[in-house]
Amino acid sequence: MSSKIACSHCHLEFEPSVMIKDEDNYFCCSGCQGVFHLLKDEGLESFYEKSKNITLSPPSQNYEDSSSFDTQSFYEKYVKINKDGFCEVSLIIEGIHCSACVWLNEKVLHKMDGVIEANINFTNNKATIVWADDVVKLSAIIDTIRSIGYNAFAYDSMAQETHANRERKAYYLKMAVAIFASMNIMWVAVAQYAGYFSGITQDVKTILNIAEGILATPVLFYCGWVFFRGGYYGLRAKVINMDLLVATGATLTYVYSIYITLIQRGEAYFDSVSMIITFVLIGKFLEILSKKNAADTLDKIANSIPSEVKIVKDDKIVACKLDDVRVGDIVVVTSGEKVLLDGEIVKGSGSFDESNLTGESEPVYKSVGIGVISGTLSIDADVHFRATKDFKHSTLSNIVKLLESAINKKPKIQQMANRLSEHFSSVILGLALLTFLGWWFWPHSFDTSLMVAVSVIIIACPCALALATPVATLVGLGLGASRGVLFKEAAGLEIMAKVDTLVLDKTGTITVGKPEVINEHIFESFDKKLLYSLVNSSNHPVAKGITKFIKQENENIIDTVFDEFTQIPAQGIRAKYRNIELLGGNRKLLDENGIAVDFFAQETLFYFVINQRVVAVYELEDRIKDGVKELVKSMKKMKIDVTMLTGDNERAAKKVASYVGIYNVLYEQTPQSKLEFINKLHSESKSVVMVGDGVNDILALASADIGIVMGSGSDIAVEVGDVVLLNNSIKSLEDAFRISNTTYGLIKQNLLISLAYNALTIPLAMAGYVIPLAAAISMSASSLLVVGNSMRIRHKWNKE
């Protein structure tokens, strides 16, 4: 009797001294121990009942040590802390090739204590994982991914390109072997088909079958290994996926053909085995290329960022790593170079191409004192600028982060499609079994029954269903990015396509947001320095307009330091200088302080008050943006109600609204009253888009179904918004609606194509009208049709 003990997982026997004892179980290594507990936690203990007489292979130990994922250097480079205080990392999951792989990884990760969120994008295998670092370490998350047959490594655009190239080369080799073998099998098949009509002896037929079998074997087990592997890991998680369908259909045909060859009776189908694997493999490869092409617009910005910039240091121009540049450093940009940091020009001038960010092709001339935006291109400008943000917080970096985040957020319609595809393959196997039994009872032919059942298995395509949404979503996000419209979440595309109410802020949204003084009314003499200091301390557009007006009168005017200073939302400013009480703002500010005034006008009014006496009134007018009238007309055609909210006075608000064709107007609105109005619309079951740009809009933006922010808006408004319009134009707002409607329509088209394909082809296969070879071609074509339909829209838009 052997003194060795069998491992509770892999069943291999070892001496007791090297075994790991865990309660009543023994394990040969920590890998087996981990897999055992994972299966137990997932409720898959029945796996051991089914495999009790089988010796398994222990989990691979060839991966790099996962502890490297917990090092400080790794965290500094790849891990960020989100606004809720949790850690967030982007990983590439190696080995994913169908929607079931995504589902399996997400399910296992969500089961882990401390994992808050795990989203995997099927189109690029990129996972965004959020976790509580004090509960679970990143190394433990990596180990869990590896334990179910996948690998993970940090997302890096350059490393990802290398990995993608390696994956494509592997597919090239597999396809080369499959195509070579299939072509030779076809030559053998020609001899068989000729013999079928002209006569052939069984011995010759058997020799030809053996030749086909030899050629088909590497195609099935080498080229088709990816399907066996995917099907195996799917079964471990109790998921029947597309890989299992392909592997099952091809293997059944292969085993049956061997049986026919051995008994030397009937027809072998080695040619079908080879063709099934070859065509599905080619379809998979084309799918990979198409998915990469769909994501190219999003990757283009990230992949084109140089690692170094030139800065001025000790009166010399030196190279400096991009991440090492600090706020205040002087950066040098010459003609033809890309601006990689936000800043303000201190020397030089020239034209910049901002089309990458705004979609506008017209060059923008900039000189000393004007800001430059990261991500733009110097056309003929040789300038020095002072960095106002480091790269981590730059516009370019934020755009890349927003895009990366967006493609990992799944719309509800995609979640529905994923749930449908999870059960799809199980239904197909059930239909295949019923088909086999039906054809077995009539016409009593095992040969015919098996081939018809195999055709049913092969022709069904859950991948087309799984691809219907993510590829269309990527196209939509890419279209938006190319036109200066950034969706923070892909779900925003779906939500925006369903809205019925558009709420617009006035200043900075409908108007340019830079009011200019058109009239000055002085009632009593006063020190202009007091007014200048008051308005110069505020970022409100009206205050900036008055600041500019006073500065034009006296360039040398300087600030006065106040003893007290308070900004009052939606009203104005209060300050105190020595014994002088100052107020500056709108009519509501005066009413709140009991100050009577009888000055009215249709323009925006700014009242300046000293010690409860109105000493001056300024009339300001803000230019209305181009395209607002067209936007309002377009919204009406789409049956979307348009409302304007503003903190401005009644006359100014109604004048602007009347000009652009908006009939629902709410004026003198505070941040709280804007919020109340959005909540009122929600109580009426309205789906609302709110567009604004300032701090006074953030409550309404956060409460709306979709908050859209102008790119020039305040940082906090941009943070709260769901969509950012980089070029601040109304045309971009209209594009956002069109892109959303186009993408949502595209998703519905793709789902219809997928469902119609399966509804048509599966009954045909069950009726015996489709041979396995045609089924393989048809299945691959359905996935490519969905991808091609999505890409068609992108090319159509690019022509506009």
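With contacts taken as Cα pairs under 8 Å at a separation of at least 6 residues, segment 549-696 carries a relative contact order of 16 percent.
Model label sites at ILE214 and GLU524, defined 7 Å from Cα along the beta-carbon direction, differ in position by 11.0 nm.
The calculated FRET efficiency for the pair LEU434 and ILE116, based on their C-beta separation and a Förster distance of 45 Å, comes to about 0.55. With a Förster radius of 35 Å applied to the beta-carbon distance between SER367 and PHE599, the computed FRET efficiency rounds to 0.35.
Packing, as the average of other Cβ atoms within 10 Å across residues, places the peptides 679-689, 440-450, 553-563, 246-256 in the order 246-256, 679-689, 440-450, 553-563, highest first. Taking each residue as 0.36 nm, the span from TRP225 to LYS169 lengthens on full extension beyond its C-alpha to C-alpha distance by 18.6 nm.
With the simple spin-label model, which puts each label point 7 Å out from Cα in the Cβ direction, the PHE74 to ASN611 separation comes to 7.0 nm. Short-range pairs are left out: with C-alpha atoms under 8 Å and at least six residues apart, the relative contact order of segment 509-565 is 40 percent. Note that segment 69-84 has calculated 3J(HN,Hα) couplings of 6, 9, 6, 4, 5, 5, 4, 5, 8, 10, 9, 10, 9, 7, 5, 8 Hz, one per residue in order, obtained from phi through the Karplus relation 6.51 cos²θ - 1.76 cosθ + 1.60 (θ = phi - 60°); glycine and proline are x. Extension gain for VAL427 to LYS392 (0.36 nm times residue separation, less C-alpha to C-alpha distance): 7.7 nm. When you count the other C-beta atoms within 10 angstrom of each residue and take the mean per peptide, 787-793, 307-313 line up highest first as 787-793, 307-313. What segment 619-754 shows is 42 Å² of accessible area per residue, with the surface traced by a 1.4 Å probe over protein heavy atoms. Applied to segment 137-144, the Karplus parametrisation 6.51 cos²θ - 1.76 cosθ + 1.60 on θ = phi - 60° returns per-residue 3J(HN,Hα) values of 8, 4, 4, 5, 5, 4, 4, 5 Hz, with x for Gly and Pro. Amide H contacts of VAL372 (H built 1.01 Å from N, in plane; Pro and chain starts excluded): GLY343, GLU344, ILE345 sit under 5 Å, all sequence-distant by 5 or more or on other chains. What FRET efficiency would be calculated for the residue pair ILE81, VAL327, taking the C-beta separation as r and a Förster radius of 22 Å, to the nearest 0.05? Working from the Cβ atoms, E equals 0.65.
A crude spin-label estimate for the pair ASN539 and VAL665, with each label 7 Å from Cα along the Cβ direction, gives 2.9 nm. Taking 0.36 nm per residue of separation and subtracting the Cα-Cα distance, full extension of the segment from GLU308 to SER198 would add 32.2 nm.
The values are calculated or read from the model by the stated rules, or taken from the named source; none is laboratory data. From a predicted model like this one, the values you see are computed outputs, not experimental measurements. Heads up, the Cβs are rebuilt from the backbone with ideal geometry, glycines too, and the neighbour counts pull from every protein chain shown. Ligands, DNA and RNA are stripped out before the accessible areas are found, and what is left, the full protein with its side chains, is counted by its heavy atoms. Shrake-Rupley method; radii C 1.70, N 1.55, O 1.52, S 1.80 Å.
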